[in-house]
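The structure under discussion appears below in the form of structure tokens.
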Ligand SMILES: Cc1ncc(COP(=O)(O)O)c(C=O)c1O
């Protein structure tokens, strides 16, 4: 009998549409507003620290769960920013990006039959993460214009098989920021059903209009059942450095560290040294980061509204889930294809954030983590849209 070459779980998901659109952007010389990566430099202090580390021969494996100084710096940052007293010796794991962090968390807690609740639309990776870990995803819709969940629908998703709920806050792709009250509601359900809350807080510093980031793990009674996933990519504009973090109580961290060791051994050692500098940047760095993104949001949203896209301004993160209905189209993939080929702007078709693709057909996602010149050039190209449709 012929054995199938490819594992069944590998054939349950496709290539990443987001990363695929980046490749299309290069091919068509389009402005890449698909993949969420800044086109402006990282802070000089980080670059200097990384160079110093390499010149100083920090070239060998760091401790598998993260260089000591970086874990200390992450703990200091968590204390002032998240209000969490995290022990760097037993409650922090450094991973290869938050991408590995999320996968390691799921691989470490999922048993056959376990369900994981995801809000839908969801960050593209969570579905393959569930498939790889062997979890059964259960979706709770969040709906425009504000992309919040209905509490009854959320409550109805919890049951005896629920192992974890994954919540991205601030949210990619919707730009929603969950309030303390909304997080409290999720937390109450987690406590009631003995469920772990895995929060992807990679955009923890990118919130607008005076909103404050609330960590799920800091809510009453939640530390013991919370897994906080984060990393350097978005806060320090270094998506290519691949340094992520998991904050979790010791009983979970022990399992995460073992899993992480066999998945990747560790994140790049010299970049972890630079990470220790990053997490200790003064607080005004973070204020400037949020203010800079708010200005970009305002600039780019205005341009998108003028062209005719439909959406409410995002509250956090750096994405716009834009309605394409006004252009008289209902096929996001064809529309995104036309945008990248004919208009010269790469986006992500909305359906890639939904399991039921039909729910995402009337959206494309733009990212705005770009220099003003880049956003203006994208806007200039997008203004041609009306003529073509
Ligand atoms: C919600 C979310 N989580 C995780 C990631 C990946 O982060 P990292 O670079 O830390 O792997 C992204 C990147 O776009 C993201 O939007």
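The figures follow:
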| quantity | calculated |
| --- | --- |
| Residue list for segment 312-353, filter: surrounded by fewer than 20 Cβ atoms within 10 Å (Cβ to Cβ) and assigned to a loop (DSSP other than H, G, I, E, B) | 312, 313, 328, 329, 330, 331, 344 |
| Lone qualifier among 165, 104, 140 - being surrounded by 24 or more Cβ atoms within 10 Å (Cβ to Cβ) and assigned to a strand (DSSP E or B) | 165 |
| Evaluation of residue 331 against (1) over 18 Å from the mean Cα position of the chain (by Cα); (2) under 24 Å from residue 25 (Cβ atoms); (3) within 16 Å of the ligand (Cβ to nearest atom) (one fails), failing number | (3) |
| Tabulated pairs, segment 160-183, first more than 12 Å from residue 138 (Cβ to Cβ), second part of a helix (DSSP H, G or I) and more than 10 Å from the ligand (Cβ to nearest atom), C-beta under 6 angstrom, 6+ apart or interchain | 173/353; 183/216 |
| Those residues of segment 69-91 which are outside any loop (DSSP other than H, G, I, E, B) and more than 15 Å from the ligand (Cβ to nearest atom), in sequence order | 69, 71, 72, 73, 75, 76, 77, 78, 79, 80, 81 |
| Subset of segment 111-137 [closer than 23 Å to residue 183 by Cβ, away from the ligand (no atom under 16 Å from the Cβ) and in a loop (DSSP other than H, G, I, E, B)] | 114, 135 |
| Matching entry among 299, 280 (being surrounded by fewer than 17 Cβ atoms within 10 Å (Cβ to Cβ), part of a helix (DSSP H, G or I), at pLDDT 95 or above and touching a helix residue (DSSP H, G or I) at 6+ places or on another chain (Cβ under 7 Å)) | 299 |
| Subset tally (residues that are touching a residue at least 60 places away in the same chain (Cβ under 8 Å) and over 22 Å from residue 377 (Cα atoms)) for segment 313-337 | 4 |
| Among residues of segment 15-39, those that are touching a helix residue (DSSP H, G or I) at 6+ places or on another chain (Cβ under 9 Å) and assigned to a loop (DSSP other than H, G, I, E, B), counted | 9 |
| Evaluation of residue 59 against (1) exposed (fewer than 15 other Cβ atoms within 10 Å of the Cβ); (2) assigned to a helix (DSSP H, G or I); (3) more than 16 Å from the ligand (Cβ to nearest atom) (one fails), failing number | (2) |
| Given (1) over 30 Å from residue 159 (Cβ atoms); (2) surrounded by fewer than 18 Cβ atoms within 10 Å (Cβ to Cβ); (3) not assigned by TED's automatic domain parsing to the domain that holds residue 375, index of the condition residue 53 fails | (2) |
| Segment 195-211: number of residues that are assigned to a loop (DSSP other than H, G, I, E, B) and either within 16 Å of the ligand (Cβ to nearest atom) or in contact with a helix residue (DSSP H, G or I) (Cβ under 8 Å, 6 or more places away or on another chain) (or both) | 9 |
| Qualifying residue in segment 42-49 (condition: at pLDDT 95 or above, in contact with a strand residue (DSSP E or B) (Cβ under 9 Å, 6 or more places away or on another chain) and assigned to a loop (DSSP other than H, G, I, E, B)) | no |
| In segment 220-264, residue nearest to the ligand (Cβ to nearest atom) [restricted to those that are on the phi > 0 side of the Ramachandran plot and touching a helix residue (DSSP H, G or I) at 6+ places or on another chain (Cβ under 7 Å)] | 231 |
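Condition check ((1) part of a strand (DSSP E or B); (2) more than 23 Å from residue 177 (Cβ to Cβ); (3) at pLDDT 95 or above) across all residues:
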residue: 192; (1), (2), (3): no, yes, yes
residue: 213; (1), (2), (3): no, no, yes
residue: 235; (1), (2), (3): no, no, yes
residue: 241; (1), (2), (3): no, yes, yes
residue: 245; (1), (2), (3): yes, no, yes
residue: 254; (1), (2), (3): no, yes, yes
residue: 257; (1), (2), (3): no, yes, yes
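The values are calculated or read from the model by the stated rules, or taken from the named source; none is laboratory data. Since this is a predicted model, take the numbers as computed values, not measurements. Backbone-built Cβ (ideal geometry, glycine too); neighbour counts: all protein chains shown.
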